[in-house]
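Below: the structure, in structure tokens.
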Amino acid sequence: MFKVNEDYMKLPGSYLFSTIAKKVSAFTEANPDKKIIRLGIGDVTQPLCPAVIKALHSAVDEMASAETFKGYAPDLGYAFLRETIRDKVFKPLGAEVSADEIFISDGAKSDSGNIQEIFSRDTKVAVCDPVYPVYVDTNVMGGRTGTYDAATGLWSNVIYMPCTAENDFVASLPKEVPDLIYLCFPNNPTGASITKARLQEWVDYANENKAVIVYDAAYEAYISEEGVPHSIYECEGARSCAIEIRSFSKNAGFTGTRLGYTVVPKDIKTDDGVMLRDLWARRHGTKFNGAPYIIQKAGEAVFSEEGQKETGEQIAYYMNNAAYIKNGLAEAGYSVYGGVNAPYIWLKTPDNMTSWEFFDHLLASANVVGTPGSGFGPSGEGYFRLTAFGSYENTVEAIKRIKSI
Ligand SMILES: *Cc1c(COP(=O)(O)O)cnc(C)c1O
């Protein structure tokens, strides 16, 4: 008789988005004439830009000819893409990253979920609270989080670093020293960003304590302010302690197309000289057969002059929505955060409502759907996330309705 992996059985159900869906469909059934506006989604809505579509078509045509057909991609990804990333992403930042430290993948979700595999089972993990759920859940699957307390929503063996308005949603250095630290900036769900000076403190802390930082930079392209680092490798010493995870999903609309990459510098080594880079290469070669050639060509096109201009326009479109939401809610008297370097607006619920009370209130009185902050961790209680990924028209209508309640 087979037995299942007991670590999987410890996972609490993923109630957040299914509870939202249930509440919304119950409301729609009871109120069929009401038009719901969804500002809860973390998915892009603009179509792929022309430069990317052109590259896709031409790569498809290459697959039709015996001379240019491609089979399996190289383990790390095609050199044309890794070298383009080195030259177009890291070089302009003054960040020293070589092409063979860049691993092309099918996205940041799988990389941020899989990276824990190369660490020991007794690795002590630290996460920000609220948090992108993938970091914790994959460590649960990896058997290193201890026991779950349903009342608090916390795992006994995880270090939670609260991020609230009091610390500008940037975690303070933990007193109990972790081995593996997950940071995501600009942040989902809070929309917060980190200054280079504060990120440098994290890098110094990790180097002093021989800890590793997993830095999720999926929203890097949304940074609009000076002094906000685009990559952790802008910080001195990051090459010996930081893994950076990137995605084409939010900067170029590849959520359905799938492409991402992870940088594991050769300088991250154990005292015995084992390189994390080599372990990740081993994992990649064993469990992943490469992102499709067609999609890697599309990814390369994002860095062309046309691609940069066109994806830049999409980001500007979403950030115009973000500013509209942020200003509208501020005018209506809400305390609002984020929305400057990220497509997420994080607001304090009014009148001490819980996150779910505000969800119900917003759905019933404004027919607007958002995401309850408590769904991302205990420190998210009393907060609420709206996203800028909708259409401009819907965004304007949603804010008009929220202002009138
Ligand atoms: C959307 C998102 C990603 C991107 O995931 P993909 O798998 O590349 O689509 C990564 N991290 C965070 C925090 C995100 O919100």
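The values are calculated or read from the model by the stated rules, or taken from the named source; none is laboratory data. The structure presented is a predicted model; accordingly, all values stated were derived computationally and were not measured. Here Cβ is always computed from backbone atoms with ideal geometry, including for glycine, and neighbour counts include all displayed protein chains.
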- Which pairs do you get when a residue that is closer than 24 Å to S374 by Cβ and aromatic (F, W, Y), found in segment 19-34, comes within reach of a residue that is surrounded by 12 or more Cβ atoms within 10 Å (Cβ to Cβ) and at pLDDT 95 or above, reach meaning Cβ atoms under 7 angstrom, with the pair 6+ apart or on two chains? F27/L363
- When you go through V136, V131 one by one, which is the residue that is among the aliphatic types (A, V, I, L, M), assigned to a loop (DSSP other than H, G, I, E, B) and within 15 Å of the chain's Cα centre (by Cα)? V131
- Message: All but one of (1) in a helix (DSSP H, G or I); (2) of a type in the set (V, I, T); (3) touching a helix residue (DSSP H, G or I) at 6+ places or on another chain (Cβ under 6 Å) hold for V89; state the number of the condition that does not hold.
- Response: (3)
- Task: Specify the residue that is farthest from M319 (Cα to Cα); the eligible residues are those in segment 239-275 that are within 16 Å of the ligand (Cβ to nearest atom) and of a type in the set (S, T, N, Q).
- Result: T262
- Item | Neighbours by Cβ (under 9 Å, 6+ apart or cross-chain): first from segment 39-54, over 26 Å from A398 (Cα atoms) and modelled with pLDDT of 95 or more; second away from the ligand (no atom under 14 Å from the Cβ) and in a loop (DSSP other than H, G, I, E, B) | A51/S304; I53/P47
- Query: Are any of the residues in segment 348-357 crowded, with 24+ Cβ neighbours inside 10 Å and either in contact (Cβ under 8 Å) with a residue 40 or more places away in the chain or not in a helix (DSSP H, G or I) (or both)?
  - Reply: no
- Note on the structure: Filtering segment 273-288 down to residues that are loosely packed, with under 13 Cβ neighbours inside 10 Å, part of a helix (DSSP H, G or I) and not polar (S, T, N, Q) yields R282, K287
- Quick one: count up the residues across segment 290-310 that are in contact with a Cys (Cβ under 9 Å, 6 or more places away or on another chain) and over 24 Å from L76 (Cβ atoms). 3
- Task: State whether the residues of segment 214-221 include one that is on the phi < 0 side of the Ramachandran plot, away from the ligand (no atom under 14 Å from the Cβ), modelled with pLDDT of 95 or more and of a type outside the set (D, E, K, R).
- Result: no
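Considering only segment 343-361, state which residues are within 14 Å of A332 (Cα to Cα) and under 26 Å from the mean Cα position of the chain (by Cα).
Result: L347, K348, T349.
Listed here are the residues, each with its yes/no results for (1) within 16 Å of the ligand (Cβ to nearest atom); (2) without any contact (Cβ under 8 Å) to a residue 12 or more places away in the chain.
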position: T145; (1), (2): no, no
position: A150; (1), (2): no, no
position: V158; (1), (2): no, no
position: E166; (1), (2): no, yes
position: P178; (1), (2): no, no
position: C184; (1), (2): yes, no
position: I194; (1), (2): yes, no
position: P229; (1), (2): no, no
position: G237; (1), (2): no, no
- Among the residues of segment 270-286, write down those that are basic (K, R) and in contact (Cβ under 8 Å) with a residue 24 or more places away in the chain. R277, R283
- Task: Residue by residue through segment 122-139, note down the ones that are away from the ligand (no atom under 12 Å from the Cβ) and either under 20 Å from M275 (Cβ atoms) or of a type in the set (A, V, I, L, M, F, W, C) (or both).
- Result: T123, V125, A126, V136
